[in-house]
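Each remark here refers to the structure printed beneath this line.
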Amino acid sequence: MTTTAKDLGDYYSALTQVIDDIVKLNELQSVVLGVPFIASDRAQFADTAQELQKRAELARAVQGVVSAFSQLSGSNASADVSDAAAKLGQDLVSIRALPTGSPVPDAISQAEKLVVQLIQEHKERDAAKAMDNTFAALADLYSEERSTYDSINRTYVILAKSLANALVDRDMVDRIGLAAPALQPFGLAPRISSTAPAEGFQELAKLQINEQAAAQITAHQKASTGMQQALLEMSKRIHLLATKKGMSSRGAPLSLADVEKWIAKLA
Amino acid sequence: MGNGLQSLETLYLFLTTNLSALLATCQNQDQRAAITSLYVASRRSYWNCINKTFHDDDPAVASLVSQLQAAQDRLQATTQGLASVADAISEITEAVKVAAQLAATVG
């Protein structure tokens, strides 16, 4: 569960980075194609980035509580536990859903105070009961917004792709990289003069751009699906502990591999 | 993601993909300014909707989504041939106008 919460925070931070990159792409588009990009446009992106950042902070707070929760058995109550749970409460209350108007489920904020108390009293099952609705709501929030995250990433990749193609058309892309795969196995480096014919290389570059763009869109869709599955799994484990014998598994869900792969590519 | 946001994304990304080619066919600065202005309007509609909630069950939104899809079909047919920049600008104007109405309806 700690890994799921950590990856959720990293995922939102990476998506915030995507928004920053989209701003840079719009600036480039303004220079290359003359498309206006003014202060109010920047403000629009700043709003979205801020909301994603809030979710990253929320995930960090969840990570703190989950970590404390995992160490309940045999541990002593500590200020860290209390602080982590209190931070979660603050973040949950202050967060505003993306898009505007789909508020964070009430269950999240309602459960927070009870969770703090139960964690401090080392009552794992009771704490799980209190967290049950909270984590179900967290999984619901992600599920509701997931297609919006996919859309943001798709927009990012297609905008980058269109600009990459425009730069290739203007012969502003170095062709050395395209020759590297053939020469690297033999320890050789390419030497292509700026006067070398661009035509064939332009087609090759566009093919590479097309393939990479499709791969990046697919990679994010796999990541967002994996994140959703991991959150549902976390919610299910808490629910099992709250209602039945205990937690069936405490390891990291397998679906997080795609999430971590996508995050690593953006880093 | 609702159908409304999906429609706005489709229009915005269609224009993004074809922007360079559309600008290359422009014969004067007025045409270039018209294309970039319509493109910016489509981008703003899309990002406004990222920050709003769509009510897909709203009949007005459903009707606008239909209109936008029809406008996009005509736009695609027009830009494939790129026979006339004026025709392309006219179709883009229509699609962006419906997109703006759609963006204003949600939230």
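Derivation of every value follows stated rules applied to the coordinates shown; laboratory data play no part. Small disclaimer: the values here were computed from a predicted structure and weren't measured. Note that each Cβ is placed from the backbone with ideal geometry, even for glycine, and that neighbours are counted across all protein chains shown.
Things to note:
- Within the range A:27-57, restricting attention to residues that are among the β-branched types (Val, Ile, Thr) and exposed (fewer than 13 other Cβ atoms within 10 Å of the Cβ), the residue that is farthest from the chain's Cα centre (by Cα) is A:Val31.
- Residue match in the range A:147-166 (condition: of a type outside the set (Val, Ile, Thr) and farther than 20 Å from A:Lys24 by Cα): yes
- Single residue of the range A:146-170 satisfying the filter (more than 9 Å from every other protein chain (Cβ to nearest Cβ) and not aromatic (Phe, Trp, Tyr)) that is surrounded by the most Cβ atoms within 10 Å (Cβ to Cβ): A:Asn153
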